[in-house]
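Structure first, then comments.
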Amino acid sequence: MQKKHWSLILVLGMLLSLLPQAVLAQAPNYYTSVIVSDVTSGAPVVGGTFTTDVSLSIVNNASPMLGVMGVDLYLGFDPAIVNVDDADDNPANGIQVNIATGFFGGSVVVAKNRVEVPCTNAGAAPACVHLALSHTGTPITNRTGKIATIAWGGLAVGPTGLTVLPETVLADVDGAAVPINSTSVPAISIVPAGTITGRVERQGMTDFTGSIVTAYNSGGGVIATGPTDAAGNFSLPVPQGGIYLVQAFYHGYLKAQKSNVYVVGATVGIGTTRMLGGDVNGDNNVNILDVVGIIGVFGTPGTMSTDINDDGVVNIFDLTIAAGNFTKVGPTAW
Ligand SMILES: [Ca+2]
Ligand SMILES: [Ca+2]
Ligand SMILES: [Ca+2]
């Protein structure tokens, strides 16, 4: 009997210990977070550059609403793995990042925009981006928006160590700290650089300058893009170990495409493709609309798209290229 009582008390005690969080604690009226995006452009490879965004978020659920007037952000990173690309390309004034107005709006006031190696004021962090921002508008009560875009350079293989350091604070209009409820930082690592090389010719031309070749990842994100040279050659830096879709574009031509490009080694060559001309309206098929488009400006200089072969005049050669590719659709196979 005695034992049963004790176990009952124990169970009741355990249940009660759960209650304060569930029932008794007053739910906060707001939720704040500091968010670092995954890679938004470029590739995190050795010798490459890539960008990430830093955003703030506040959501108020009830009155009185709390408003954010400023932030003192310390974003730590490993300076042996990445460095920061100077936003204004002026080394004399230190290295800064691009300030964005998504969160604070146009009245943002910048007190600090500096890359610190080591990170002063923030413990033993070897390096950080230090931003101190406020604004002269009304307190931000419900918004998620960018405060900065950072361009990084990959120096060596390894984890970038991106982290929102605990010294980071938000501040309200009374100069009081606003607790940060969550931080979100992706685990970005620098990987060895791979290169996709190849060649893009264009039907009806001998100078192949300026076709735009783009490598996409499986999610459709642009990993690298660049133009061909006069011989049609291109070289795209991408992370090793990835699988890419490579697409070539030029005005007046059907796109050409190579899928499932496995970059397992340092350099992967995908060979030569020959783009087919005549897609005047850029809808990736050659039909009567394109032919009519050429006829409509026949004998004139035309445009980049109607002067298919770039010889400066829309004439019989452009028309025969389009007519010869009648009903063909892109993207054509590489
Ligand atoms: Ca600078
Ligand atoms: Ca077309
Ligand atoms: Ca022409």
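Nothing in this text is a laboratory measurement; each read-out follows from the coordinates by a stated rule. This structure is a prediction, so every number in the text was calculated from the model and none was measured. A quick note on method: Cβ atoms are made from the backbone with ideal geometry, for glycine too, and the neighbour counts reach across all protein chains shown.
A few points about this structure:
- Here's the picture: a label point sits 7 Å out from the Cα of Thr183 along the beta-carbon direction, and within the stretch 158-177 the residues with their amide nitrogen under 17 Å of it are 160-171, 177.
- Most tightly packed first, judged by the mean number of other beta-carbon atoms within 10 Å of their residues, the peptides 66-72, 251-257 read 251-257, 66-72.
- Rounded, prolate or oblate (a/c below 1.5 giving rounded, otherwise prolate when a/b exceeds b/c) for the stretch 66-129 by Cα gyration tensor: oblate
- Helix axis angle, 2-19 relative to the chain longest principal axis, alpha carbon, degrees: 50 degrees
- For the listed peptides 307-313, 132-138, 173-179, a ranking on the average number of other beta carbons within 10 Å per residue, highest first, reads 307-313, 132-138, 173-179.
- Dividing the mean sequence gap of close Cα pairs (under 8 Å, 6+ apart) by how many residues the chain holds gives a relative contact order of 15 percent.
- Rounded to whole Å, sorted largest first: equivalent-ellipsoid semi-axes of the stretch 139-199, Cα gyration tensor: 36, 15, 9
- The stretch 193-333, relative contact order in percent, only Cα pairs under 8 angstrom and at least six apart counted: 24 percent
- A Förster radius of 41 Å, combined with the Cβ-Cβ distance separating Asn281 from Asn217, puts the computed FRET efficiency at roughly 0.90.
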